[in-house]
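All remarks here apply to the structure that follows.
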């Protein structure tokens, strides 16, 4: 994974730098100048404005200005505290006004030309990505040593444009990282000749009378992500014509179904519970019974999370449990919304529940109880539609059944889930039912990259 550091962590990295600040600033400024030339397509006749603050960001900008001037560009430096209302007559604006430590508001000058941001667009909070004031939207951002959370959350992704992480000689180690295709390839567990379906069997307990769609989607997600055998049980429902032929449907009673499931899980490698299950008192009793006694790795999603909210005890040592809430379900589980710092929110819930937490959102966060975090950015807005989370729960279940550890299973499933959407050709119209058939293509993409 590509490291992610908070502004506070980055300040510590700077303090521990093995080389003088002026050496690091020279490297950063050179990287900014090179990016500016790429954006401009050359140097001849180009005009650039560099907005420079008083800190290291401004110093980076001033170095870039000198280097661009030597290349023959017409460069004007403007102090960040005395900017005009509009920038005209230029080909590029370099935003080196304020960095990740900035607090407050910044109202940038208006401009119609491309913007290159240094480290982070000025006015974007380095921790949360929230905009303070009216920042410029950059075509490209050059950031140093590691990703900053503000580039990945809130308003940050839209304001930052394409992000280049540049090595300037700082050791930015972190227990949080951004997931890339090679992580999936590194964690993927290939099958061998001796494998059989029961070694990768997943039992999905989901759906209820009148709410079977989520169950169907979850079981399809499991099948397309490599589960060798998928059993679907919908309490109180005997069949649904939409269930794929490859999925084995078995009936469960509406009340007390947990006893049947617990007795039969010995042949299975994982279980998924919750999507579309309903919130009746008897259902919640069964979910809590299964959650506390399940002998195999377990994914709890949807209504299962709503039921779990009534019991805040942490899971026992050695249990393999993945909770996959969206913001509303997170609020039910924790008693408060995730807030602006979504990494901290996922870490806190994972530690308190002693489970892996996958916090869904435009940028998905996965944390384990130790505080290790993965940030998934592979998806896009087309996934914000009903049922896509149900597909994801089945995908996690399948990877757990294949022997993947809970943290890695949640991370890989989330990344593939986002990757799958990119194989849908149209810019709109993606529905959850399209996703399962696209998953194998997403897997192929990642495995082709290699670890």
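Scanning for something outside the structural domain of residue 343 (by TED's automatic domain parsing), assigned to a loop (DSSP other than H, G, I, E, B) and either farther than 30 Å from residue 173 by Cβ or touching a residue at least 24 places away in the same chain (Cβ under 8 Å) (or both), does region 59-72 turn up at least one residue? Yes, the conditions are met somewhere in region 59-72. Just one of (1) at pLDDT 95 or above; (2) within 15 Å of residue 143 (Cα to Cα); (3) part of a loop (DSSP other than H, G, I, E, B) fails for residue 99. It is (1).
Tell me, yes or no, whether region 371-384 has at least one residue that is over 16 Å from the mean Cα position of the chain (by Cα) and either buried (at least 24 other Cβ atoms within 10 Å of the Cβ) or assigned by TED's automatic domain parsing to the domain that holds residue 275 (or both). Checked against the condition, which is being over 16 Å from the mean Cα position of the chain (by Cα) and either buried (at least 24 other Cβ atoms within 10 Å of the Cβ) or assigned by TED's automatic domain parsing to the domain that holds residue 275 (or both), region 371-384 yields no hits at all. If you check 390, 348 for being buried (at least 20 other Cβ atoms within 10 Å of the Cβ), under 19 Å from the mean Cα position of the chain (by Cα) and under 29 Å from residue 278 (Cβ atoms), only one passes: 390.
Restricting the search to region 315-337, which residues are surrounded by fewer than 13 Cβ atoms within 10 Å (Cβ to Cβ), assigned to a loop (DSSP other than H, G, I, E, B) and on the phi < 0 side of the Ramachandran plot? If the condition is that a residue be surrounded by fewer than 13 Cβ atoms within 10 Å (Cβ to Cβ), assigned to a loop (DSSP other than H, G, I, E, B) and on the phi < 0 side of the Ramachandran plot, then 316, 317, 336, 337 are the ones that fit. In this structure, is residue 442 under 17 Å from the mean Cα position of the chain (by Cα) and without any contact (Cβ under 8 Å) to a residue 40 or more places away in the chain? Considered against the rule, which asks whether it is under 17 Å from the mean Cα position of the chain (by Cα) and without any contact (Cβ under 8 Å) to a residue 40 or more places away in the chain, residue 442 comes out as yes. Could you please let me know if residue 399 is surrounded by 23 or more Cβ atoms within 10 Å (Cβ to Cβ) and at negative phi? For residue 399, the condition - surrounded by 23 or more Cβ atoms within 10 Å (Cβ to Cβ) and at negative phi - is met.
For region 326-339, the count of residues that are in contact (Cβ under 8 Å) with a residue 60 or more places away in the chain, in the same structural domain as residue 424 (by TED's automatic domain parsing) and closer than 26 Å to residue 290 by Cα is nonzero. Do any helices (runs of 4 or more DSSP H) lying entirely in region 248-314 carry at least 3 residues that are under 20 Å from residue 388 (Cα atoms), and which ones are they? Per the criteria, 303-308.
Here is a yes/no grid of residues against (1) in a loop (DSSP other than H, G, I, E, B); (2) closer than 15 Å to residue 325 by Cα:
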site: 357; (1), (2): no, yes
site: 389; (1), (2): no, yes
site: 424; (1), (2): yes, no
site: 428; (1), (2): yes, no
site: 437; (1), (2): no, no
site: 447; (1), (2): no, no
site: 451; (1), (2): yes, no
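Only residues that are free of Cβ contacts under 8 Å to residues at least 40 places away in the same chain and either closer than 17 Å to residue 152 by Cβ or in a helix (DSSP H, G or I) (or both) were counted in region 368-383, giving 1.
Please find, among 412, 365, the residue that is buried (at least 24 other Cβ atoms within 10 Å of the Cβ), assigned by TED's automatic domain parsing to the domain that holds residue 213 and not in a helix (DSSP H, G or I). 365 is the lone residue from the list that is buried (at least 24 other Cβ atoms within 10 Å of the Cβ), assigned by TED's automatic domain parsing to the domain that holds residue 213 and not in a helix (DSSP H, G or I). Scanning region 30-51 for residues that are within 23 Å of residue 145 (Cβ to Cβ) and surrounded by fewer than 24 Cβ atoms within 10 Å (Cβ to Cβ) turns up 30, 31, 34, 35, 37, 38, 39. Of 73, 68, 116, 78, all but one fail to be more than 36 Å from the chain's Cα centre (by Cα) and under 20 Å from residue 162 (Cβ atoms); the exception is 68.
Need the failing condition index for residue 184 against (1) at pLDDT 95 or above; (2) over 23 Å from residue 345 (Cα atoms); (3) over 15 Å from the mean Cα position of the chain (by Cα), just the number. Here residue 184 clears every test but (3). The lone criterion from (1) under 21 Å from residue 6 (Cβ atoms); (2) outside the structural domain of residue 60 (by TED's automatic domain parsing) left unmet by residue 167 is number (2). Those residues that are surrounded by fewer than 24 Cβ atoms within 10 Å (Cβ to Cβ) and touching a residue at least 60 places away in the same chain (Cβ under 8 Å), I need them from region 225-255; list them, please. Across region 225-255, the qualifying residues are 226, 228.
The values are calculated or read from the model by the stated rules, or taken from the named source; none is laboratory data. These numbers were taken from a predicted model, which means no experiment stands behind them. Because the Cβ atoms are built from the backbone with ideal geometry, glycine has one as well, and the counts that use them run over all protein chains shown.
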